[in-house]
Structure formats: C-alpha cells, structure tokens
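Please read the structure below before turning to the comments.
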Amino acid sequence: MSSPATPPGVSEPPPAPHSRLGTFWQRVSEGRRIDDLWSQFAADARSSYGFYGKDVDWDEVNQLSLWKRPLRVARQLFWAMMNKLTPARRILLLMALVFLVFSGVKFQFGPGKTAEIQTEFISALIFLLLLSLELADKITMKRDLEIAREIQAWLVPSTPPVIPDAEVAFYTRAQNSVAGDYYDAFYPTDDASAGGQLMLVMADVAGKSVPAALLMATLQASLRTIASEGLPLSELAIRLNHYACAHSLGGQRFTTAVLAEFDPTTRRLAYVNAGHNSPVIRRANSSTERLESAALPLGITPEATFPSAEVTLQPGDTLVLFTDGVVEAFNAAGEEFSDNRWLNIIRGLPNLNAQQTLQFLMKSVEDFVGATRQSDDITCLVLRCS
C-alpha cells in the first residue's frame, strides 16, 4: 500500500535519525521541520535588521543615488553593529576582518620564489572567540531575566478568583522575558470574597523590558496597598497617580490603566480609564459598547483628575480588557491587526465561557500574526457574566 502524499505547501520532514548524521540533525534542529526553521530564521533576520536599522540615517541614504545607497546602508549597519560591542571586542572583530581580507596574499622574492599568507584559520578562531563571548553574555543575561520573569509572575494572579455568577480569565505574553503590562483580579479585603467587590486592573507602562517591568512591579505593590483602604475609585486613581508621578522621570514613564470595581450581586461595574485602550463590553445580543478614556495616563501630572463611570452587565455579557500590543500586532506584510478587526472579532464571539473566549480571541491574533516576531507585550482579560 502506498503512503499518502504530502499535502501541497507542506515541506517534507527531515529523514528519520537512522545514522549519526540524522541523530546530529535531530539534536541541532530539535526535531523541527525545515519550513519552521526557515520561518524562525526569517523572523530573526527581520528583527535584527530592524534593531540595527534604527541607527541608520535613512534621510541621508534617501538623498543618495540608487547605486550608492546599498554601500552606505551596509557601512552604517556595520558601524551600528560595532557600537554594540565593547571596545576590546571591536578590536578583535577588526583583527578578524583584517586576517580574512589579507589571507591569500602572495609575495614574490625573486624568480620562482613566492610566499603566500594563509590566515583564514586565525580569522575563524577570532570570530569563534567573539561568538563565544557574546553567547556567554546572552546566557548570563537570559538566566537573570528568567529569574526576573519568575518574580514578575508571582505579582499577578496565576488562577482566577471565584466570582458569584461570573468568571474571569487572563492571558499575558511578554515581548521579551519580562513585561511592562500588568493585569490583576482580586478582592481588596480579606472578607470581600463572601460578597464584596472585585477589583479588575489592566495597565501598560510606557517602554519595554526591564525598566517597564520594574515600574510595573512598584505600581502593583502601590495599588494593592491603596486598594485595601477601601477608597472610592476616583480617589484611588488620584493616589496611584501621585505615586506614578514621583517615579515617572518627568512623565517619560507614564502608565495607561483601566481600574474597575465589579459587584457580583448587582453586576454593577464602576471604572476609571486613564488613557488606556477602551475596553469592550460585548452584550448577549452581540452589540458592543466601549469604556472610553476620560483621563490622562498615570504619571503625567499630579494635578490630573480621574472621573469614574458606571455600567451594568447582564447575564451573557462579556467584558474584554486588553493592552495595545493586541491591536498593534502586525503580520509579515507589515499590516496591523487594528482596533476595528479586534472589535469585529469580539462582536462575532460564539457562546463560550471566559477561558474559551480568551483562547478564541488570542488564537485570532496569533493566526493573523503568523511567524512574525512579537513587537510588544500582549495582555488580555475577559470577564463573563453567567
């Protein structure tokens, strides 16, 4: 019996590891298919080009003639890469290039007497040394970031709280090892779980990686402390803003946020939107409402006020809170996912529970983005009334 044909567009898997070469290939590739490896390489290449391309003076390049542009771009990309190295490693790189360029040069001392310089091996050893040094730095930093990610994971809930006649689910994925996004769902007082109000939070610190993550951690600690005092939502936001202003580097590290209190008994949702992406309420009849921003982000000015608003949820209604990493995700063609696309997907949600709804929404984003490397932190929280 003949084996079924490989579907169109799907590459053949690598051969089974029946030899040492096959075993070596499986170990190096971790069993991934050729098309997966190529997609990962293409995403890495685009990301690296964007990283170094930020140091290219594109205005100057565009003023040159077409035949001069590639050389100018190559030169500026080379210097951008050099500037990322330490001075000692720059010297090593230059030495490796010199040995590579002058390898094979012949000198003639007389009739029939020549000497040829062969330095490719020396150049390769220097490049290998540079690679090992950079790799050691990366592994050390990655280990530190893994620890930071574990600490950050302790600051946000890992399991959803129990909510009478409602349920909540959340998801976050950092662009790097740590994120500047913050989500939370908690009862501010110990006895609140017996019928008190649930605090819902979605926030996004300006910036990425470690600086944003550090500010996110301090914001979380401040919010938890202030919320336990039982202040009205507007006053809570004012207090939090004062703290954010004291640590915002003159407004450079501001934070957009949605702070909400949900009463499971009455299904009343009071909220403050401080410059954040407008959450979406998807009603049971498929209509949608937005919780628009009515205030500046936290950390801009100490004089800012934060008016609150209220809305009532009904059985079957779904509240979706998210950060800008969702709607600003883009695919390989550079097309943005967009707020309109996100809103249309929410309108068309099937009848699912909170966790299934969250998975449906995140899969919609992942299917759109494909293999393109993530450009920002992505966080989403779903509250569904039953």
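Each residue in the stretch 154-168 was checked for being surrounded by fewer than 19 Cβ atoms within 10 Å (Cβ to Cβ) and either among the small types (Gly, Ala, Ser) or part of a loop (DSSP other than H, G, I, E, B) (or both), and 8 of them qualify.
Of all residues in the stretch 306-314, one or more are aliphatic (A, V, I, L, M) and open to solvent by less than 10 Å² (accessible area, probe 1.4 Å).
Quick check on the stretch 232-256: of everything there that is part of a loop (DSSP other than H, G, I, E, B) and open to solvent by less than 30 Å² (accessible area, probe 1.4 Å), which residue is nearest to Glu303 (Cα to Cα)? Of everything passing the filter in the stretch 232-256, Gly251 is nearest to Glu303 (Cα to Cα). Of the helices (runs of 4 or more DSSP H) lying entirely inside the stretch 1-76, the ones with 1 or more residues being more than 26 Å from Ala333 (Cα to Cα) and modelled with pLDDT of 75 or more are found at 20-29.
Annotation note: Cβ proximity below 7 Å between a residue of the stretch 87-101 that is under 16 Å from Thr119 (Cβ atoms) and among the hydrophobic types (A, V, I, L, M, F, W, C) and a residue that is open to solvent by less than 80 Å² (accessible area, probe 1.4 Å) and not in a helix (DSSP H, G or I) (sequence gap 6+ or interchain) occurs for Leu93/Leu85; Phe99/Thr119. Which of the residues belonging to the stretch 148-181 are at pLDDT below 90 and aromatic (Phe, Trp, Tyr)? Once the filter is applied, which keeps residues that are at pLDDT below 90 and aromatic (Phe, Trp, Tyr), the stretch 148-181 yields only Trp154. Looking across the stretch 281-319, the residues that are within 26 Å of the chain's Cα centre (by Cα) and β-branched (Val, Ile, Thr) come down to Ile281, Ile300, Thr318. Just name the residue that is nearest to Arg75 (Cα to Cα) out of those in the stretch 88-132 that are among the basic types (Lys, Arg) and in contact with a helix residue (DSSP H, G or I) (Cβ under 9 Å, 6 or more places away or on another chain). Here the answer is Arg90.
Contact annotation: residue pairs with Cβ atoms under 7 Å, 6 or more positions apart or on different chains, pairing a residue in the stretch 24-36 that is surrounded by 13 or more Cβ atoms within 10 Å (Cβ to Cβ) with a partner that is part of a helix (DSSP H, G or I), are Ser29/Leu37. For the residues Arg224, Arg253, the requirement of being in contact with a Leu (Cβ under 7 Å, 6 or more places away or on another chain) and among the basic types (Lys, Arg) singles out Arg253.
The values are calculated or read from the model by the stated rules, or taken from the named source; none is laboratory data. Not measured: the values here are computed from a predicted model. Please note: Cβ atoms are built from the backbone with ideal geometry, for glycine as well, and neighbour counts cover all protein chains shown. Areas reflect the complete protein model, heavy atoms only, side chains present, ligands, DNA and RNA absent. Shrake-Rupley method; radii C 1.70, N 1.55, O 1.52, S 1.80 Å.
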